[in-house]
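*Asks:* Take a look at the following structure, please.
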Amino acid sequence: MTSNYTITVLGLGAMGLPMATRLASELTVHGFDIAEPRLKLAEEAGIRTFASAREASKGADALLLAVRNGEQLNDVLFGENGVASVLEPGAVVILGSTVGTEAIPATVARLADYGVELVDAPLSGGPKRAGEGDLLIVVGASPEAQEKARPALELLASTLTVVGDKPGDGQALKTVNQLLCGIHIAAAAEAMALADALGLDQAKTLAALEAGAAGSFMLSNRGPRILEAYTEEGAEVLSRLDIFVKDMGIVGKATRAAGLATPVAAAAEQLYLLGQAQGLAAADDSAVIKVVAPTKRTA
């Protein structure tokens, strides 16, 4: 059924390549990236690569995008070398990024001119889970577009939640998700900094916290990397700190538009902004502990 289904993945970076590799296990995958080494890795994984995004997108049933923000989304689809005009009528664009709800209506309207629908499907989980098909994906799209995107989404997600029948619904739920994630990472960093300040063994403290009521996914996921933040090379970058600068900015914009006070989220956003200002933008987001406690106190 899916052997004739072609999906194009634009951007073969930390998330794009494992997603493309996972999709290539059952589907025909076309890929493009501006970095030559990423193209070589993709080819080794059974992905057919192309010299341009437009060439990679021609004839695809679906296009999977992981872009940074609404401006980049607009440029990839409708810019000077935009791919929307080469997509076949009836194709779908699967947006896996968190860009907020503002950019969605105009994108939907412009894609409609080409007979293409947007599947709003922001995802969570990181590179390892992407390669294993273990992502959380929340979807907002028409039933018809959902069905067209299903072969790809079901391969990528272990938890696939349809939250609404229009694009923008997925972004709305992901905004709520990122509010919690951003706060949880910041809280985990503060907790581990306090453990250090009190002279506790941080690794033992982390293990104890994980086993009790204070445990959370983010504590378990980011905790070990938080402990590596002070090493010379720092923690492996699996999720850049400046991603949460962006995402908490989206949260702040949404809460202000709703007239909702979210002081805890606002405080967390300031920690990420401080980290960015201190040169940690490209570091793993676990490095936010260095904003709370610039140096490690105990040996």
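The values are calculated or read from the model by the stated rules, or taken from the named source; none is laboratory data. Just so you know, these numbers come straight off a predicted model, no measurement behind them. So basically every Cβ, Gly included, is an ideal-geometry build from the backbone, and we count neighbours across all protein chains shown. Just so you know, the surface numbers come from the protein's heavy atoms only, side chains and all, with ligands and any DNA or RNA stripped out. Shrake-Rupley method; radii C 1.70, N 1.55, O 1.52, S 1.80 Å.
*Asks:* Restricting to region 104-139, name every residue that is assigned to a helix (DSSP H, G or I) and either in contact (Cβ under 8 Å) with a residue 40 or more places away in the chain or in contact with a Cys (Cβ under 9 Å, 6 or more places away or on another chain) (or both).
*Replies:* Ile104, Pro105, Thr107, Val108, Gly126, Pro127, Lys128, Ala130, Gly131, Glu132
*Asks:* Still on this structure: Residues in region 2-11: is at least one surrounded by fewer than 18 Cβ atoms within 10 Å (Cβ to Cβ), farther than 19 Å from Val119 by Cβ and at pLDDT 95 or above?
*Replies:* no
*Asks:* For region 26-68, which residues satisfy the criterion of being modelled with pLDDT under 95 and either under 19 Å from Ile137 (Cβ atoms) or of a type in the set (Phe, Trp, Tyr) (or both)?
*Replies:* Ala66, Val67, Arg68
*Asks:* Between Glu233, Glu228, which is open to solvent by 70 Å² or more (accessible area, probe 1.4 Å) and in contact (Cβ under 8 Å) with a residue 40 or more places away in the chain?
*Replies:* Just a single option satisfies the conditions, and that option is Glu228.
*Asks:* To continue, here is another question. Can you tell me which residues in region 244-274 are among the aliphatic types (A, V, I, L, M) and open to solvent by less than 50 Å² (accessible area, probe 1.4 Å)?
*Replies:* Val245, Met248, Ile250, Val251, Ala254, Ala265, Ala266, Ala268, Leu271
*Asks:* Can you spot a residue in region 275-285 that is modelled with pLDDT of 95 or more, of a type outside the set (Lys, Arg), part of a helix (DSSP H, G or I) and open to solvent by 20 Å² or more (accessible area, probe 1.4 Å)?
*Replies:* Looking for residues that are modelled with pLDDT of 95 or more, of a type outside the set (Lys, Arg), part of a helix (DSSP H, G or I) and open to solvent by 20 Å² or more (accessible area, probe 1.4 Å), one finds at least one in region 275-285, hence yes.
*Asks:* Next question. Among (1) at pLDDT 95 or above; (2) touching a Lys or Arg at 6+ places or on another chain (Cβ under 7 Å); (3) at negative phi; (4) surrounded by fewer than 19 Cβ atoms within 10 Å (Cβ to Cβ), there is one condition Val162 misses while meeting the rest; what is its number?
*Replies:* Among (1) at pLDDT 95 or above; (2) touching a Lys or Arg at 6+ places or on another chain (Cβ under 7 Å); (3) at negative phi; (4) surrounded by fewer than 19 Cβ atoms within 10 Å (Cβ to Cβ), the lone unmet condition for Val162 is (2).
*Asks:* Does Ala191 qualify as being in a helix (DSSP H, G or I), more than 16 Å from the chain's Cα centre (by Cα) and crowded, with 17+ Cβ neighbours inside 10 Å?
*Replies:* When the stated conditions are applied, Ala191 passes them.
*Asks:* Out of the residues in region 75-126 that are within 17 Å of Lys246 (Cβ to Cβ) and either surrounded by fewer than 18 Cβ atoms within 10 Å (Cβ to Cβ) or of a type in the set (Ser, Thr, Tyr) (or both), which is modelled with the lowest pLDDT?
*Replies:* Residue satisfying both the conditions and the ranking: Gly126.
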